[in-house]
Amino acid sequence: MKQKNLYFMCGAAGSGKSTWLKENRPDAYVVSRDAVRYSLVKENEEYFSKEKQVFKEFIRQIQEAIDGDEFPEDIYCDATHITKASRDKLLHALNLNNVKNVTAIVVRPSLEETIRRNNLRTGRARVPESAVIRMWRQFQRPENDEDRIFDTIYVEV
């Protein structure tokens with residue numbers, strides 16, 4: 001079984017995480033928490049109404065990619081992961097025996113730029129501005145001494 005590299009995006013909603021992936025890793029294997037959520041939550045349902053189910057499916061898809069030889073060596077997890085607790089929750093939910101490297105990719109434009117980008121979104125993709133501000137302010141930089149993080153990359157968007 002081939003060893004995998006696990007990358008997870010870190011940044012507030014609207015910061016440019018998914019855009020960075022599309023522009024810089026266009027052929028990457030990406031497990032998107034938003035895509036999972038949109039597949040489970042109907043248009044008329046509250047955005048966070050099935051969060052336990054969303055998280056469980058997000059973890060299942062990542063683990064399947066880690067364990068399956070038919071999946072690429074590099075796996076990208078696209079979600080906010082803004083706090084140490086949220087990153088720990090993700091990493092502790094996964095069996096990382098087949099992972100050789102865990103890297104955090106941080107996307108952190110200014111608050112003003114994050115709000116501007118979020119305002120360009122439409123429909124369910126647009127997050128309430130108060131939530132964007134809260135997330136931006138709660139952000140904690142990943143540190144290499146966090147459990148299981150081996151590297152942190154800061155990117156500009």
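The values are calculated or read from the model by the stated rules, or taken from the named source; none is laboratory data. As the structure is a computational prediction, the values presented were derived from the model and not from experiment. Here the Cβ is made from the backbone with ideal geometry for all residues, glycine too, and neighbour counts use every protein chain on show.
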Open item on the list: Being touching a residue at least 12 places away in the same chain (Cβ under 8 Å), closer than 28 Å to residue 73 by Cβ and outside any strand (DSSP E or B) is the filter here; which residues of region 10-22 pass it?
Closed with: 11, 15, 16, 17, 18, 19, 20, 21
Task: Odd one out for residue 70 among (1) outside any helix (DSSP H, G or I); (2) of a type in the set (Asp, Glu); (3) surrounded by 13 or more Cβ atoms within 10 Å (Cβ to Cβ) - done: (3)
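Would you confirm, using the coordinates I've provided, whether residue 43 is acidic (Asp, Glu) and over 22 Å from residue 121 (Cα atoms)?
Details: acidic (Asp, Glu): yes; over 22 Å from residue 121 (Cα atoms): no.
For residue 43, the condition - acidic (Asp, Glu) and over 22 Å from residue 121 (Cα atoms) - is not met.
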TODO: Please specify each residue of region 8-34 satisfying the condition of being surrounded by fewer than 24 Cβ atoms within 10 Å (Cβ to Cβ), hydroxyl-bearing (Ser, Thr, Tyr) and closer than 16 Å to residue 108 by Cβ.
DONE: 18, 19
Task: Test: residue 7 is assigned to a helix (DSSP H, G or I) and in contact (Cβ under 8 Å) with a residue 12 or more places away in the chain - done: no
Open item on the list: Looking at 131, 85, can you tell me which residue is at pLDDT below 95 and more than 16 Å from the chain's Cα centre (by Cα)?
Closed with: 131
Open item on the list: Name the residue that is farthest from the chain's Cα centre (by Cα), counting only residues in region 96-115 that are assigned to a strand (DSSP E or B), among the hydrophobic types (A, V, I, L, M, F, W, C) and more than 14 Å from residue 17 (Cα to Cα).
Closed with: 99
Task: Qualifying position, being in contact (Cβ under 8 Å) with a residue 40 or more places away in the chain and surrounded by fewer than 18 Cβ atoms within 10 Å (Cβ to Cβ), among 98, 44 - done: 98
Task: Qualifying positions in region 26-55 - among the basic types (Lys, Arg) and within 14 Å of the chain's Cα centre (by Cα) - done: 33, 37
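Rundown of residues vs (1) assigned to a helix (DSSP H, G or I); (2) within 12 Å of the chain's Cα centre (by Cα), yes/no style:
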{"site": "59", "(1), (2)": "yes, yes"}
{"site": "75", "(1), (2)": "no, yes"}
{"site": "81", "(1), (2)": "no, yes"}
{"site": "117", "(1), (2)": "yes, no"}
